Amino acid sequence: MMKRKGFTLVEILFVVVIVGILVAILVPNALKAVAAANTKACAGNIRSIDAAFVACYADTRDWASCDDIAALVTGGYLEDTPVCPIGVDYAADSTNGRRCARTGHFSAGNFPHTHDAVVVE
Ligand SMILES: [Zn+2]
């Protein structure tokens with residue numbers, strides 16, 4: 001009797017089911033890891049901007065010279081304009097001296113743990 005080469009339909013279905021289960025487990029965890037990494041990167045950017053504002057003020061003793069993020073880059077306090085990995089631009093908050101505004105990033109007051117959701121338009 002000749003032995004047939006190849007897999008049976010049941011064997012192929014079994015492998016497909018196993019791969020499907022693995023993907024169902026791994027993809028949500030990978031997406032959570034990406035979101036956590038983006039949140040940490042944004043929090044790090046905000047801390048860098050805050051520190052640059054303080055350094056600028058320490059040098060100039062004048063908040064007008066440290067008015068916005070572009071002034072920090074021009075003054076050499078930031079190497080480059082930070083980019084939020086979520087895609088929201090950073091802005092200066094001038095309510096008490098200067099710092100990076102949390103609005104659009106951590107507006108619920110949960111800095112640095114939970115970045116605001118991205119609004120898809
Ligand atoms: Zn952000």
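No value in this document is a laboratory result; all are computed from the given coordinates. Note that the structure is a prediction, hence the values are computed from the model and not measured. Cβ sites come from the backbone with ideal geometry, for glycine too, and all protein chains shown count toward neighbours.
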Completion exercise
Selection from region 79-93 of residues acidic (Asp, Glu) and under 14 Å from Ala43 (Cα atoms) yields Asp89
Exercise for the section: Could you please find all residues in region 47-71 being surrounded by 16 or more Cβ atoms within 10 Å (Cβ to Cβ) and closer than 12 Å to Ala92 by Cα? Expected result: Ile49, Ala52, Phe53, Cys66, Ile69, Ala71
Exercise for the section: Would you point out the residue of region 72-96, among those that are in contact with a helix residue (DSSP H, G or I) (Cβ under 7 Å, 6 or more places away or on another chain) and among the hydroxyl-bearing types (Ser, Thr, Tyr), that is farthest from the ligand (Cβ to nearest atom)? Expected result: Tyr77
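Within region 50-67, is even one residue within 13 Å of the ligand (Cβ to nearest atom) and either in contact with a strand residue (DSSP E or B) (Cβ under 8 Å, 6 or more places away or on another chain) or assigned to a helix (DSSP H, G or I) (or both)?
Restricting attention to region 50-67, the residues satisfying the condition of being within 13 Å of the ligand (Cβ to nearest atom) are none.
Checking region 50-67: not a single residue is within 13 Å of the ligand (Cβ to nearest atom) and either in contact with a strand residue (DSSP E or B) (Cβ under 8 Å, 6 or more places away or on another chain) or assigned to a helix (DSSP H, G or I) (or both).
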Problem - Among (1) of a type in the set (Asp, Glu); (2) more than 16 Å from Lys40 (Cα to Cα); (3) touching a Ser or Thr at 6+ places or on another chain (Cβ under 9 Å) - the single one Asp116 does not satisfy - result: (2)
Practice task
Please name all residue pairs, on different chains or six or more residues apart, with Cβ atoms under 6 Å, provided the first residue is in region 100-113 and is farther than 24 Å from Cys56 by Cα and the second residue is near the ligand (Cβ under 10 Å from one of its atoms) and of a type outside the set (Val, Ile, Thr).
Solution key: Ser107/Asp116
Practice task
Please go through region 94-109 and pick out each residue that is in a loop (DSSP other than H, G, I, E, B) and within 16 Å of Asn45 (Cβ to Cβ).
Solution key: Arg98, Ala101, Arg102, Thr103, Gly104, His105, Phe106, Ser107
Handout entry: Residue among Gly76, Gly109, Gly44, Gly97 that alone is out of contact with any Phe, Trp or Tyr (no Cβ under 8 Å at 6 or more places or on another chain), on the phi > 0 side of the Ramachandran plot and surrounded by 11 or more Cβ atoms within 10 Å (Cβ to Cβ)
Key = Gly76
